[in-house]
Each structure stands twice: as C-alpha cells, then as structure tokens.
Amino acid sequence: MQIKDLCTSCDFWTITTIEHDSETATFTCTYCKNSFQMPWDTNTRFMIRSIRTSLKKRTKKYPELQELKYAGDFVKLVERADPPKGQGCK
Ligand SMILES: [Zn+2]
C-alpha cells in the first residue's frame, strides 16, 4: 500500500510504500529510498490509519499535497499558521 507521509530523512512529503509480511512492515520513501521497519502489529496499523485520517485535514490546509500522486513525487510544505478565526469584516 502507499501513504503520503513526511519523510524524516529527506524532509519532503512523499509517497511512502508499506510492505509487510505477518511480522514486519517495511516503510520506504519513494523519493530518497530511506526505509525503516516496524513490527506489523495493531499499533502500526493504527498509526497508518491515523496518518491517513490526519492527511485529509492536512490536504485541506495544504492543497500542494494533492500533487503527490506517483512514486517518487515529493512536495515541500511551507508551514502555515491556521487562518485567524473570528476576525472577519467588522
Ligand atoms: Zn525521503
């Protein structure tokens, strides 16, 4: 499977592939090829699910993330503050 995630090695948002057997999940950044392993257990599965959930919110805030479509794509996000609330026209 693939997820979009912030790679801790190249510091870009990239497509990360996740391959797993019954014991180990291997995460690989398709841009810099950095990879790491985690035990394939409920914690890891929960983490992947929460990455996906938070990505939806993040994509609203950072539409650049929609440009990540294929393995090897990468995006640098410039962190933006949340838009100020309650400061509309007066
Ligand atoms: Zn990377």
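Just so you know, all these numbers are worked out from the coordinates, no wet-lab data involved. A quick note: this is a predicted structure, and the numbers were derived from the prediction, not measured. As a convention, Cβ positions derive from the backbone with ideal geometry for all residues, glycine included, and neighbour counts pool all protein chains shown.
For the chain, the relative contact order is 27 percent, taking Cα pairs closer than 8 Å that sit 6 or more residues apart in sequence and dividing their mean separation by the residue count. Rg and Dmax of the chain, based on Cα coordinates, read 15.5, 59 Å. By the rule of a C-alpha distance below 27 Å, with chain neighbours fewer than 8 residues away ignored, the lysines paired with K69 are K4, K33, K56, K57, K60, K61.
Compute the relative contact order of region 1-54 as a whole-number percentage, counting only Cα pairs closer than 8 Å that sit 6 or more residues apart in sequence.
Details: 82 pairs, mean separation 14.0, N = 54.
The normalised contact order for region 1-54 reaches 26 percent.
Within the chain, the longest run free of GluC sites (Glu not before Pro) that sit in a DSSP loop with at most 16 other Cβ atoms within 10 Å is 24-78.
Which value at 222 nm does the chain reach when only helices count, each DSSP H run of 4 or more adding -39,500 (n - 2.57), with the total divided by all residues and rounded to the nearest 500 deg cm²/dmol? Value at 222 nm, helices only: -7500 deg cm²/dmol.
Arrange K61, K85, K56 by Cβ neighbour counts within 10 Å, fewest through most, would you?
Values: K61 13, K85 6, K56 9.
Ranking K61, K85, K56 by Cβ neighbours within 10 Å, fewest first, gives K85, K56, K61.
Taking the chain as a Gaussian network, where each spring joins two C-alpha atoms under 10 Å apart, which residue of T42, T14, T28 fluctuates the most? Most flexible of the set in this elastic network: T42.
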